[in-house]
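Visitor: Take a look at the following structure, please.
The values are calculated or read from the model by the stated rules, or taken from the named source; none is laboratory data. None of these values were measured; they are calculated from a predicted model. No Cβ is skipped: glycine too gets one built from the backbone with ideal geometry, and neighbour counts run over all protein chains shown. Only protein heavy atoms, including side chains, enter the accessible area calculation; ligands, DNA and RNA are left aside. Shrake-Rupley method; radii C 1.70, N 1.55, O 1.52, S 1.80 Å.
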Amino acid sequence: MDIGIDKIGFYTPKKYIDIVELAKARNVDPDKFTIGIGQSKQSVPMQYQDSVTMAAEAADQIISDDDNIGLVIVGTESSVDESKAVAAFLTDLLNLPKNIRAFEIKEACYGATAGLKMAEGYVALNPDKKALVIASDIARYGINTPGEVTQGAGSVAMMVSQNPRILKFDHEEVYMTKNVGDFWRPTFSKTAFARGKFSNQVYVEFFSELWKKYQTDFNQTVNNFDTMLFHIPYTKMGMKALKTLKDETDLDKFAELSEHYQASIKMSREVGNLYTGSLYLGLISYLINGDPKPGEKILMFSYGSGAVGELYSVTIQPEFRRILDSEKIKKVLNNREKISISEYENIFAKDLQNGDSINDSDVFDKFYLREIKESERLYKKIKL
Ligand code: COA
């Protein structure tokens, strides 16, 4: 039985900052941010947004009444509660059926991949059911930190089913876990702690080790792939891993892989880091901006600091162009409004506190955090 991704939805907040303006405000050469790091814009979530509201926005785009959903998994590293899962908040916001398993997975930026792999197993055992897997995150390092330029926010929702119409999982996968201190966020902190350069090094080491194992286990070489997609917390990062393959192939093949990589980073350049959704935003970007062909095999590199890495392959399905709503996805990116660096700093400093509430009239999204009452987060859907 073929199992894979049948539908994909994407959401990012409607405000963004310009990376050149950020560089100027931080007294940094703009080329460092636009060329050295590879970003152009960064999405800025509003006070009423978090991993719950963004997950709802992305999932709302792909859920239909006849989906027989039995499992909902949210991969996130910016959860809102130490106990209750983001997926549980979604049940009434999205009007999900009662007889589902709903929970959250955390392992840095690997969470959504872990969710997809669990979903694959679930559908294999329950072929008539579907599994909704959502990656939803706000990436926050803090004002004037080295990681600030690699912030971002957004979510990707994926419906996993049998006979998928976008991508099929090939069941060729290798994975590894090591206890590494490259990035962490203690429960007391809203911002992440990162050993940025060490993190880059571990990421590339994981890719190289997994790639060796993948080749041995599945008898493959670089020449078997036209496209490799990477976890992209900032758009230069995947290139560091891709470059390690330069000596394993000829110039034409490497040029093709690089060209496809460029198509995969277009959207991340405009949004920033989605943490666990980053690899999947790269996938959407490649499917929309690249030269994808039905039957094409894609190698996916998922990495979550701490650290878990997985390399696996998928195959593009014949109907993908009809099913992927590229116009809607482009609209999400294009219907945004630029804000100034000082407006972003104000938004960043103001979190909704216990006792605070938000007026409907201040909201320009469908789902929002309405109130925090007795330390409980209460959400609302606006009927647009
Ligand atoms: N013009 C063009 N490029 C420039 C430049 C300029 N004026 N100035 C610097 N650069 C390049 C550097 O050569 C470097 O390129 P390289 O990575 O190919 O070597 C790049 O810009 C970044 O410069 P660097 O001095 O390393 O930046 P930094 O000390 O500010 O750190 C990060 C960059 C990415 C490490 C930092 O932003 C960070 O910690 N981010 C969060 C960590 C993260 O995302 N981890 C991933 C988790 S999976």
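Visitor: Pick from Asp247, Asp226, Asp365 the residue whose mean-square fluctuation is largest in a GNM of the chain, springs joining Cα atoms under 10 Å.
Guide: Looking only at Asp247, Asp226, Asp365, the biggest GNM fluctuation is shown by Asp247.
Visitor: Can you tell me the dipole magnitude for the stretch 280-355 around its Cα centre, using point charges on the Cβ only (Lys, Arg +1; Asp, Glu -1), in Debye to the nearest 20? Can you show the working numbers first?
Guide: On the way: 10 positive and 10 negative charges, 55 e Å.
In total the dipole reaches around 260 debye.
Visitor: Along the charge dipole of the chain, which of Met176, Leu281, Ser189 sits closest to the positive end, that is, farthest toward it, with unit charges on the beta carbon of Lys, Arg, Asp and Glu (+1, +1, -1, -1)?
Guide: Ser189
Visitor: I've got another one for you. With unit charges on the beta carbons (Lys and Arg positive, Asp and Glu negative) and the dipole taken about the Cα centre of the stretch 83-203, which residue among Met118, Ala88, Ile100 sits farthest to the positive side?
Guide: Ala88
Visitor: Additional query: Rounded to the nearest 0.05, what FRET efficiency is calculated for Ile35 and Asn99 with R0 set to 41 Å and r the Cβ-Cβ distance?
Guide: FRET efficiency, Ile35 to Asn99: 0.20.
Visitor: Using the Kyte-Doolittle scale, find the helices of the chain whose mean hydropathy is at least -1.0 and whose Cα atoms extend 30 Å or more along the helix's long axis, counting only whole DSSP H runs. Don't skip to the end; give the middle numbers.
Guide: On the way: long enough: 196-218 (32 Å, -0.67); 251-271 (31 Å, -0.58).
What comes out of the filter, once short or polar helices are dropped, is 196-218, 251-271.
Visitor: May I pose another question? Which order, highest average first, do 150-156, 114-120 follow once you tally other Cβ atoms within 10 Å for each residue and take the mean per peptide? Before the final figure, lay out each step's value.
Guide: Working: 150-156: 29.6, 114-120: 23.0.
The peptides rank, most packed first, as 150-156, 114-120.
Visitor: Give the peptides 163-175, 61-73 in descending order of average Cβ contacts within 10 Å, highest first. Spell out each step's value before the answer.
Guide: Values: 163-175: 19.2, 61-73: 16.8.
The peptides rank, most packed first, as 163-175, 61-73.
Visitor: Related question: Given the options Ser357, Ile8, Ile69, identify the residue whose Cα lies farthest towards the positive end of the charge dipole of the chain (+1 on Cβ of Lys, Arg; -1 on Cβ of Asp, Glu).
Guide: Ser357
Visitor: Averaged per residue, what accessible surface does the chain expose to a 1.4 Å probe, in Å²? If you can, show how the numbers build up before the last one.
Guide: Working: 16350 Å² over 384 residues.
Ligands and nucleic acids excluded, the result is 43 Å² per residue.
Visitor: Right, here's the next one. Only helical DSSP H runs with n ≥ 4 go in: add -39500 (n - 2.57) per run for the chain, normalise by residue count and round the 222 nm mean residue ellipticity to 500 deg cm²/dmol. Show your work: numbers first, answer last.
Guide: Working: 11 runs with 124 residues, N = 384.
That calculation yields -10000 deg cm²/dmol at 222 nm.
Visitor: Okay, moving on. How big is the charge dipole of the chain about its Cα centre, in debye rounded to the nearest 20, if each Lys and Arg gets +1 on its Cβ and each Asp and Glu gets -1 on its Cβ?
Guide: Values: 48 positive and 54 negative charges, 92 e Å.
Dipole size: approximately 440 debye.
Visitor: Quick check on packing: order 206-217, 27-38 by the mean number of other C-beta atoms within 10 Å, highest mean leading.
Guide: Packing order, densest peptide first, comes out as 206-217, 27-38.
Visitor: Full-extension gain between Arg195 and Phe364, please, as 0.36 nm times their residue separation minus the C-alpha to C-alpha distance.
Guide: Once the chain is fully extended between Arg195 and Phe364, it gains 57.2 nm.
Visitor: GNM on the chain, C-alpha springs below 10 Å: top fluctuator among Ala192, Ala87, Ala59?
Guide: Result for the chain, Cα springs under 10 Å: Ala192 fluctuates most.
Visitor: Next question, about the same structure. Would you tell me the accessible area of Asp356, worked out with a 1.4 angstrom probe on the heavy atoms of the protein chains, in Å² to the nearest 10?
Guide: For Asp356, solvent-accessible area is about 60 Å².
Visitor: Another one. Would you mind computing, in nm to one decimal, how far apart the modelled labels at Glu345 and Thr187 are, each placed 7 Å from Cα along Cα→Cβ?
Guide: 3.3
Visitor: Which residue, Phe183, Phe254, Phe364, has the most motion in a Gaussian network model of the chain that connects Cα atoms within less than 10 Å?
Guide: Residue with maximal mean-square fluctuation among Phe183, Phe254, Phe364: Phe364.
Visitor: Then there is this: With the crude spin-label approximation of a point 7 Å out along Cα→Cβ, what separation in nm comes out for Lys212 versus Asn126?
Guide: 4.0
Visitor: So how far apart, in nm, are the two label points at Thr315 and Met176 if each is 7 Å from Cα heading toward Cβ?
Guide: 2.8
Visitor: Another one. Largest first, what is the accessible-area ranking of Arg195, Arg322, Arg370, Arg26 with a 1.4 Å probe?
Guide: Greatest to least solvent exposure: Arg322, Arg195, Arg370, Arg26.
Visitor: Quantify, in whole percent, the carbon and sulfur part of the accessible surface of the chain (1.4 Å probe; protein heavy atoms only).
Guide: Numbers: 7590 of 16350 Å².
C and S atoms contribute 46 percent here.
Visitor: Under a 1.4 angstrom probe, counting protein chains only, how are Met300, Met46 ranked by accessible area, largest first?
Guide: Details: Met300 0, Met46 35 Å².
Largest to smallest exposure gives the sequence Met46, Met300.
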